[in-house]
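Let me begin by presenting the structure, written as structure tokens, before commenting on it.
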Amino acid sequence: MYCFLKAHPEIFFSPLKETHYFGRDLQRNKPKRIKDQEYFSFFRGAKNEKWVGEASTWYLSSTEAAIEIKQFSPEARILIMLRHPVETMYSLHSQNLFNGIEPVTDFEKALALEPDRTEAWMRGDPDSNPRLRYRLAVHYAEQVERYFDIFGRNHVHVIFYDDFKRDVASSYRSTLEFLNVDADFTPSFKVINANKEPRIVWLRDLLLQPPDWIHKIACMLLPEFTTRRCFHRKIVTLNSKWTARPTMDPVLHDRLAAELAPEVDALEALIGRDLSDWRQ
């Protein structure tokens, strides 16, 4: 959806996803957050578009991002896409493996580590990472209600991934109507961000934590922060190969679906949408 919206002539999106400028709670254990001038540099290409925006998935689970965004832009419009919670957790695990931040390849074993990981995060362990807390990502009712309360329902558009996958054009059009831009515009609806693995693991790890001397050389050759980030993403893309995600153990899937059923019930009541498909 980010790529399709970015193609619209009345919408300007940051060329980089996942900037995570907002959400102090997400940055708590990081040595530094993105600087203001670095964040603003992502939008220098904006001209007279009706909307200027960015896409950062963890704004949803952050307890502070919604408040910060409201203070920054009171009339902002919020787009939220929700996927089946079990599929979201499994997809997130694959993404974390690809990014090199998840050392446990077995999804079920990674889930079993969540209590310890949560405890480490709460005590401020610098090596802890909220992205490894998979259940945290799917407390949808609480997360969506936070944005409803802060921005008002008329400024929040909830998209269900099932609808998006079933009929991309219709889902895209309804989003354009929410933003009050030309809803007849149609981009090329090609598959974006399929499941992937690194081609060369050591290069993935080097990009994740480059030595200081490499970082200094990069800053000398590419002094503009945005340019460095784009170049970094380009290398990551070149080092990626697209692979099918293994099928989840059906027993584990059913157990997680049963565990998350109350979350689905709460979201159904909040949104007023039949989510019986998510219970199957």
Query raised in the report: Which members of segment 112-138 meet the condition of being touching a Ser or Thr at 6+ places or on another chain (Cβ under 9 Å) and crowded, with 17+ Cβ neighbours inside 10 Å?
Result: Arg117, Ala120, Trp121, Ser128, Pro130, Arg133, Tyr134, Leu136, Ala137, Val138
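Could you list, in sequence order, the residues of segment 96-111 that are part of a helix (DSSP H, G or I) and either surrounded by fewer than 17 Cβ atoms within 10 Å (Cβ to Cβ) or aliphatic (A, V, I, L, M) (or both)? Explain how you work it out, then say what you get.
Initial filter on segment 96-111 (part of a helix (DSSP H, G or I)): 96-99, 107-111.
Passing the criteria: Leu97, Asn99, Glu108, Lys109, Ala110, Leu111.
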Query raised in the report: Given the residues Leu207, Leu179, which is the only one that is among the aliphatic types (A, V, I, L, M), surrounded by 16 or more Cβ atoms within 10 Å (Cβ to Cβ) and at pLDDT below 95?
Result: Leu207
Query raised in the report: Give me the pairs: first residue in segment 58-72 and assigned by TED's automatic domain parsing to the domain that holds Pro130 and in a loop (DSSP other than H, G, I, E, B), second residue surrounded by 16 or more Cβ atoms within 10 Å (Cβ to Cβ) and of a type in the set (A, V, I, L, M), beta-carbon distance under 6 Å, and six or more apart or on different chains, which are they?
Result: Ser61/Leu136; Ser61/Ala137; Ser62/Leu26
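Please determine, by comparing only the residues of segment 69-103 that are of a type in the set (Val, Ile, Thr), more than 13 Å from the chain's Cα centre (by Cα) and at pLDDT 95 or above, which one is nearest to Val156 (Cα to Cα).
In the first step, residues of segment 69-103 are kept if they are of a type in the set (Val, Ile, Thr); the result is 69, 78, 80, 86, 88, 101.
This time we only want the ones that are more than 13 Å from the chain's Cα centre (by Cα), so: 69, 78, 86, 101.
Imposing the further condition that a residue be at pLDDT 95 or above reduces the set to 69, 78, 86.
Details: Ile69: 13, Ile78: 5, Val86: 24 Å.
By that ranking, first place goes to Ile78.
Counting only residues that are modelled with pLDDT under 85 and not assigned by TED's automatic domain parsing to the domain that holds Thr19, give me the helices (runs of 4 or more DSSP H) lying completely in segment 213-272 with at least 2 of them.
Details: elements: 225-238, 250-259, 261-271.
Helices (runs of 4 or more DSSP H) meeting the threshold: 225-238.
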Query raised in the report: How do the pairs read when you match residues in segment 148-164 that are assigned by TED's automatic domain parsing to the domain that holds Val264 and part of a helix (DSSP H, G or I) with residues anywhere that are at pLDDT below 95 and of a type in the set (A, V, I, L, M, F, W, C), using Cβ under 9 Å and keeping only pairs 6 or more apart or on different chains?
Result: Asp162/Trp278; Phe164/Met1
Query raised in the report: Out of curiosity, is Glu38 surrounded by fewer than 16 Cβ atoms within 10 Å (Cβ to Cβ) and either more than 29 Å from Phe164 (Cα to Cα) or β-branched (Val, Ile, Thr) (or both)?
Result: no
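The values are calculated or read from the model by the stated rules, or taken from the named source; none is laboratory data. For clarity, every value in this text was computed on a predicted model and none was experimentally measured. Note that each Cβ is placed from the backbone with ideal geometry, even for glycine, and that neighbours are counted across all protein chains shown.
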